[in-house]
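The block underneath contains the structure these notes are about, expressed in structure tokens.
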Number of protein chains: 2
Amino acid sequence: MAELELIEAIQKALSERAGIVRGPGDDAAVARTPGEVTVTSVDAVVEDVHFRRSTHSSADIGHKALAAALSDLAAMGADGAHAYVALALPPGMATTEALALVEAMERLAERTGTTIAGGDVVSSPALVVAVTVTGWARSEAELAYRDGARPGDLVGVTGELGGSGAGLLLLSGTEVDLPGERRTSLLERHLRPEPLLATGRALAGAGATAMIDVSDGVATDAGHLARRSGVEIEIEAAALPLQAGVAETALAAGRDPIELAAGAGEDFELLLAAPPERRADLERAARAAGTRVTWIGSVREGEPRLLLLDERGRVLALGGYEHLREPR
Amino acid sequence: MAELELIEAIQKALSERAGIVRGPGDDAAVARTPGEVTVTSVDAVVEDVHFRRSTHSSADIGHKALAAALSDLAAMGADGAHAYVALALPPGMATTEALALVEAMERLAERTGTTIAGGDVVSSPALVVAVTVTGWARSEAELAYRDGARPGDLVGVTGELGGSGAGLLLLSGTEVDLPGERRTSLLERHLRPEPLLATGRALAGAGATAMIDVSDGVATDAGHLARRSGVEIEIEAAALPLQAGVAETALAAGRDPIELAAGAGEDFELLLAAPPERRADLERAARAAGTRVTWIGSVREGEPRLLLLDERGRVLALGGYEHLREPR
């Protein structure tokens, strides 16, 4: 199928476009600007670097690429979104597969109030999906940045961790006796993560002073907050909320569950800092958004870094740039 | 060099960011919204598909990727621009090369009033550069779309054509005796095309009813205008303004100069339709922007397609979807 025919097929797979004056088919997409500030994020994923086509279906790849980009908007507390998708397709990839990728993206887009407004389709030796998402806010003060953490703040995380890492272990052949639902949840967490847009808006509105999505693992991501805010962050490993099945899967693979919860990443939960007096507001906001906040650490003056501590206060890992590897 | 260090080096290479509340380094970039509507275009280029690293330097690749994306905004008559860049870098590519690519992009960005506001850097088996550019307009009526051509309109093109195709022939080893400056101009046209942002705004303001940038060649691009506008467009091959040196280079390569002018593409000139009564205004606007308009054809009722005619009125090519190939 020629590139332009594929583009037409893709356009048909996309739904009505709210706020879009001109969608795909012109030189550029034209959208009405609903807010004072735009919030934009770019996320690119590459075959055999970020996913394998042997374990990830085209639909998984499309869903996850958009989810990862939207998760960055969630972490800002931004509202609404348009998405622009650059698809670099390898010669061996069937048109049906390319369409399945876009259709899964479109389903996630519809569910999250996102409009796929434009893109580009090119040939490539390997599958690359680069997604640019744009959201809006009424003012820049509404948003939560990485640099707002202050000494005395609590550090919390939404939902549960380690599920994506455990899901990847299952995909990679780790054998473990898990109830079917639990296994499915771990696989879904890895293959079909949900961007927490409503949660992010609720938490930013309820007083989160700093926020980041858990894409690299809380150790690394808290390290980003620490460095950008110029503060030291302590996280207690034992406080990390493990998704059901993570401990069993880690054990079966000879890995530490804490490693999956703190270091594997791609859970796309939200990590936040906030003053203790906002604790109840944030818990309420999270509940209203259908999730919960677990308080896992605190912020203090010190070297801009993350300290991951075991129950006896020993440092398991320092999170700055580096990923958490082999915590002992 | 680790990915995050490279990202830091890239950030240092970028200049101050007008209108950007938060640039690279947070989950997403935050920009103030200057206009009522946003205009967004995505352009992806892939190694060995759109360029070869043997003939295109890293700086050429970066420049051209941004230029191609900005050219789409130019074709809408959009104002200002932010750029978001996804860089997928192959293992063999040195950090100095990646930086040279970004620095060339930054130089073009500065010259065109564009701000590189964010992006992503990932590993990849092949070099892929995906650029998303965003511009603004005060209202959607200010913009020129592909579907505005009406029967009776004139069809014009800015500047000169065929230079990019001739430049590619020179890069590919075509031997031809050309004055040094002329050779350089052809190579520059291919390697370092200029997006005509000011020209596009001027032409949209002076009454162009439809506009598109010449990225695929006027035959194909006029075909897009015809199809989107539901009109037939006739272009006279003999009227196409050839860049100096195109005829000689085509001859040396055994190619028809018209093929390069109408079919090779990547000249990034602007092709427009407008009612005859706006002719003088458009010529004046083009001159004020430092270029000229050559009138090469006309619009009439009929099958939505492009007819490229020779001097005796014979059809050399039909432009719809297909690229112009081997016109006889």
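Laboratory data are not the source of any read-out in this text; all were calculated from the coordinates shown. Keep in mind that this is a model prediction, so the values were computed, not measured. Heads up, the Cβs are rebuilt from the backbone with ideal geometry, glycines too, and the neighbour counts pull from every protein chain shown.
Structure values in brief
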| item | result |
| --- | --- |
| For A:THR209, net neighbour charge (Lys/Arg +1, Asp/Glu -1) across residues whose Cβ lies under 11 Å away | +1 |
| Cut-off under 5 Å, modelled amide H: who pairs with B:THR115 long-range | B:ALA81, B:HIS82, B:ALA83 |
| Mean shadow area of region A:3-142 over all directions, Cα convex hull, nm² | 8.1 nm² |
| Peptides ranked, highest mean first, by Cβ atoms within 10 Å: ranges B:293-304, B:122-133 | B:122-133, B:293-304 |
| Rounded D (µm²/s) - the protein assembly as shown, Kirkwood Rh over Cα pairs, Stokes-Einstein at 20 °C, 1.002 mPa s | 83 µm²/s |
| Top of B:THR95, B:THR114, B:THR249 by mean-square fluctuation, Gaussian network on chain B, Cα under 10 Å | B:THR95 |
| Calculated label separations, B:ALA94, copies of the chain, 7 Å along the beta-carbon direction, nm | 4.5 |
| Separation between Cα centres of region B:145-168 and region B:245-288, rounded to whole Å | 6 Å |
| For chain B, built as a Gaussian network whose Cα springs stay under 10 Å, the top-fluctuating residue of B:GLU142, B:GLU259, B:GLU232 | B:GLU142 |
| Teacher prompt: A:ARG300 distances to equivalent labels in other copies, 7 Å Cα→Cβ, nm | 8.5 |
| Coordinate range along principal axes, alpha carbons of region B:113-214, Å, largest first | 47, 42, 24 |
| Among A:ALA98, A:ALA68, A:ALA274: highest mean-square fluctuation, GNM of chain A, C-alpha pairs under 10 Å | A:ALA98 |
| Amide hydrogen neighbours beyond the local backbone of B:SER124, cut-off 5 Å, H modeled | B:LEU89 |
| Mean separation of Cα contacts under 8 Å (6+ apart) over length of chain A, as relative contact order % | 22 percent |
| Residues with amide H under 5 Å from that of B:LEU242, placed H, sequence gap 5 or more | B:LEU161 |
| Stokes-Einstein D in µm²/s, Kirkwood radius over Cα pairs - region B:154-319 at 10 °C with 1.306 mPa s viscosity | 100 µm²/s |
| Teacher prompt: A:GLU188 distances to equivalent labels in other copies, 7 Å Cα→Cβ, nm | 5.9 |
| Span-like helix ranges in chain B, DSSP H, alpha carbon extent 27 angstrom or more, Kyte mean at least -0.5 | B:58-76 |
| Under Karplus coefficients 6.51, -1.76 and 1.60, residue-wise ³J(HN,Hα) of region B:123-129 in Hz, glycine/proline x | 7, 6, x, 9, 5, 10, 10 |
| 20 Å-binned pair-distance histogram of chain B (Cα, whole percent) | 32, 56, 12, 0 |
| Principal axis box of region B:68-164, alpha-carbon based, largest edge first, Å | 55, 34, 24 |
| For chain A, calculated [θ]222 nm from helices alone, where every DSSP H run of n ≥ 4 adds -39500 (n - 2.57) | -10000 deg cm²/dmol |
| Region B:247-294: radius of gyration and largest Cα-Cα distance (Dmax), Å | 14.6, 41 |
| In order through region B:37-51: 3J(HN,Hα) via Karplus (6.51 cos²θ - 1.76 cosθ + 1.60), integer Hz, x for Gly, Pro | 10, 9, 10, 10, 9, 10, 9, 10, 10, 10, 3, 6, 10, 9, 7 |
| Under 22 Å from the Cα of B:LYS64 - lysines, other chains or at least 8 residues apart | B:LYS12 |
